[in-house]
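The values are calculated or read from the model by the stated rules, or taken from the named source; none is laboratory data. Nothing here was measured: the structure is a model prediction, and the numbers come from that model. Every residue, glycine among them, receives a Cβ derived from its backbone with ideal geometry; neighbour counts consider all protein chains shown.
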Amino acid sequence: MKKILNQYTVLYAEDDAHVQSSVVEYLSRYFKEVYVANDGKEALSFYGKKSPDALILDIDMPYIDGLKLAKIIRETNSIVPIVMLTAFTDTDKLLKATELNLCKYLVKPVDPFEFKEVMQKLSLRLEANASICINLQEGYRWNKELKELSHHGTVISLSQKEQILLNLFVSKRDECVTFTEIMALVWEESFDVEISIQSVKFQVTLLRKKLPKNSIKNVYGKGYIFS
């Protein structure tokens, strides 16, 4: 479990300094890095800048509470694991939380055994996510299952051709993808239409605008390398 979690980062948001100190110490034993926020507004800022792999949020925080923050994040990211901490057992809050696809809902003070169970659950969820989500450069991420490109958690709109093309590039990362391969896959349903190299170049240009600079490199006379 520790070996898995040591590869990932976590954002922990808690406004109680005493609780925060002990939990941060515990999380530091497991995760590669722990980002700590003192309120919901700061947590949202950290999320946008750092793109943490998992989140542990206190439900009752200043500015933006944990549930509202989770809802905001779920609008653009359906898979990042979220654990909610609360000192309350309010039924309405529990019902709202069930709609947010939470990894776990814990009532404070949390039993150490339960917290360890949460770490185990997070490790399993992150391992599962790793098989479908590929981290690119500069906070970009490609979800193979959803055919979805995101940047720091915000989804970037792609056309169907752009989705197919990016999936091809990612699957052949650091290999030369030829013009012929692109034509055959991206225009698979247009077998009776002659596709020009200029059409391929135009499609690649459109995709380049939505990716980190220099991630798609030309291979003269052959095609492209995605890295």
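Values computed for the structure shown
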| read-out | value |
| --- | --- |
| Only one of LEU106, LEU85, LEU69, LEU57 that is buried (at least 19 other Cβ atoms within 10 Å of the Cβ), in contact with a helix residue (DSSP H, G or I) (Cβ under 9 Å, 6 or more places away or on another chain), at pLDDT below 90 and not β-branched (Val, Ile, Thr) | LEU85 |
| Flag for LYS172 being over 24 Å from ASN77 (Cβ atoms) and not assigned by TED's automatic domain parsing to the domain that holds VAL80 | yes |
| Single residue of SER123, SER150 found to be under 23 Å from TYR12 (Cβ atoms), in the same structural domain as ILE56 (by TED's automatic domain parsing), surrounded by 16 or more Cβ atoms within 10 Å (Cβ to Cβ) and polar (S, T, N, Q) | SER123 |
| Selection count, the range 178-227, where residues are more than 25 Å from HIS151 (Cα to Cα), charged (D, E, K, R) and part of a helix (DSSP H, G or I) | 1 |
| Of residues in the range 1-26 being assigned to a helix (DSSP H, G or I) and buried (at least 19 other Cβ atoms within 10 Å of the Cβ), the one modelled with the highest pLDDT | VAL23 |
| Residues that are among the aliphatic types (A, V, I, L, M), outside any helix (DSSP H, G or I) and over 26 Å from ASP16 (Cβ atoms), drawn from the range 105-160 | ILE134, LEU136, LEU146, LEU149, VAL155, ILE156, LEU158 |
| Residue check for LEU185: farther than 23 Å from GLU138 by Cβ and within 29 Å of the chain's Cα centre (by Cα) | yes |
| Residue within the range 168-177 that is more than 25 Å from TYR47 (Cα to Cα), among the β-branched types (Val, Ile, Thr) and in contact with a Gly (Cβ under 8 Å, 6 or more places away or on another chain) present | yes |
| So ALA128, is it loosely packed, with under 13 Cβ neighbours inside 10 Å, without any contact (Cβ under 8 Å) to a residue 12 or more places away in the chain and aliphatic (A, V, I, L, M) | yes |
